[in-house]
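Read the structure below first, then the notes.
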Amino acid sequence: MAELLRKWKENKLFKVVFAVAGIMSTLVVYGVLQEKIMRVPYGPRKEYFKYSLFLVFCNRITTSAVSAGVLLASGKALDAVAPLYKYGIISVSNILTTTCQYEALKYVSFPVQTLAKCAKMIPVMIWGTVIMQKKYNGRDYLLAFLVTLGCSLFILYPAAGDISPHSRGRESTVWGVSLMLGYLGFDGFTSTFQDKLFRGYDMEIQNQIFYTTLCSCILSFTGLILQGNLLTAIDFVSRHNDCFVDISILSTVATISQFFISYTIRNFGALTFATIMTTRQLVSILLSCVWFGHPLSVQQCVGSVIVFGSLYAKSFLRSKPRQLPSEHAENRASSPLRANA
């Protein structure tokens, strides 16, 4: 039984399912809490929490403490494996990603958010070409475009009469759209550079998380001091206990999700992570429709077929064995037609 369990854990399918389940479950909770904190007023005076950088600081200091504890508990040293500036690059990019995402919630409508979040695969492919010299062909870009299109159709076009909480979106502004574009660019760079660091160094997941989040703590704390928002944010949280609870849960979930994200990038690469992040929105809404008996619109059915058809085609084409040049030459040499020529 133990041997069977060990083989199952080493199975690639198990690792993929583990990564997908972990990312989807934690980020669903993370997304709900993030939107609640930034968009729902607290207290009888209906005060809004406006300090997005404080949320970044709380998330990162929690993650840093947990990753350090895991390293020490496992008897592993806290020594940096890569040069510190490389951890710092990931940290800066990650802070910019999170800040753009938080701030954009104040300015953009749901369609703009959806289109941005569904387009994650494309910037990852662009950064992969620039940073890691990866080569993608037209088929890869076509599949990424189809997944983005399918998810957008599914989420933006609910069935007639179906009440969507996202239909009451606010108007988009130029600043809001710029923030979402910044979010896309920085997010793609962050995961790609993490992938590059994992491939370039023999690095534990906890090691990268610890140093990256430690740098993020220092940067976000410095930013709060320079903005003069640290004490203001602490005062707000101290006056609203429900906000303190929300931020505590958000930081805990953010820590767990960070481990799943790093696990996925280390084992499968940045593009697979972007694919999971893109399709998780479709899957979560599809499950909601099935669970609550909501009808699917024609556009949603078309979007589902496009997404899952594209992902299936991608898996099929990648699993198809390619003939090596030497084998191809041997086959040509041994061909009866070739011999009789």
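The values are calculated or read from the model by the stated rules, or taken from the named source; none is laboratory data. What you see is a predicted model; the values in this text were computed from it and never measured. Methodologically, a virtual Cβ is constructed for each residue, glycine included, from the backbone with ideal geometry; neighbour enumeration extends over all protein chains shown. The area values use the complete protein model at the heavy-atom level, side chains included, leaving out ligands, DNA and RNA. Shrake-Rupley method; radii C 1.70, N 1.55, O 1.52, S 1.80 Å.
Sub-9 Å Cβ pairs linking a first residue in segment 33-48 that is on the phi > 0 side of the Ramachandran plot to a second residue that is surrounded by fewer than 19 Cβ atoms within 10 Å (Cβ to Cβ), at least 6 apart or interchain, are Gly43/Arg239; Gly43/His240; Gly43/Asp242, ordered by first then second residue.
Condition first: buried (at least 18 other Cβ atoms within 10 Å of the Cβ), at pLDDT 80 or above and either among the basic types (Lys, Arg) or under 23 Å from Thr97 (Cβ atoms) (or both). Can you find one or more residues in segment 145-164 that meet it? No - not one qualifying residue is present in segment 145-164. If the condition is being in a helix (DSSP H, G or I) and open to solvent by 10 Å² or more (accessible area, probe 1.4 Å), then segment 191-206 contributes Phe193, Gln194, Lys196, Phe198, Arg199, Gly200, Ile205, Gln206. Within segment 38-53, the set of residues being open to solvent by 20 Å² or more (accessible area, probe 1.4 Å) and not basic (Lys, Arg) comprises Val40, Pro41, Gly43, Pro44, Glu47, Tyr48, Tyr51, Leu53.
Screening the candidates Val20, Val70 for the property of being open to solvent by less than 60 Å² (accessible area, probe 1.4 Å), farther than 24 Å from Tyr102 by Cα and not hydroxyl-bearing (Ser, Thr, Tyr) yields one hit, Val70. Filtering Ile249, Ile261, Ile218 for residues that are within 21 Å of the chain's Cα centre (by Cα), in a helix (DSSP H, G or I), surrounded by fewer than 17 Cβ atoms within 10 Å (Cβ to Cβ) and not acidic (Asp, Glu) leaves a single hit, Ile249. Might you check whether a residue that is in a helix (DSSP H, G or I), more than 30 Å from Val130 (Cα to Cα) and either open to solvent by 20 Å² or more (accessible area, probe 1.4 Å) or of a type in the set (A, V, I, L, M) (or both) occurs anywhere in segment 207-215? The answer is no; no qualifying residue exists.
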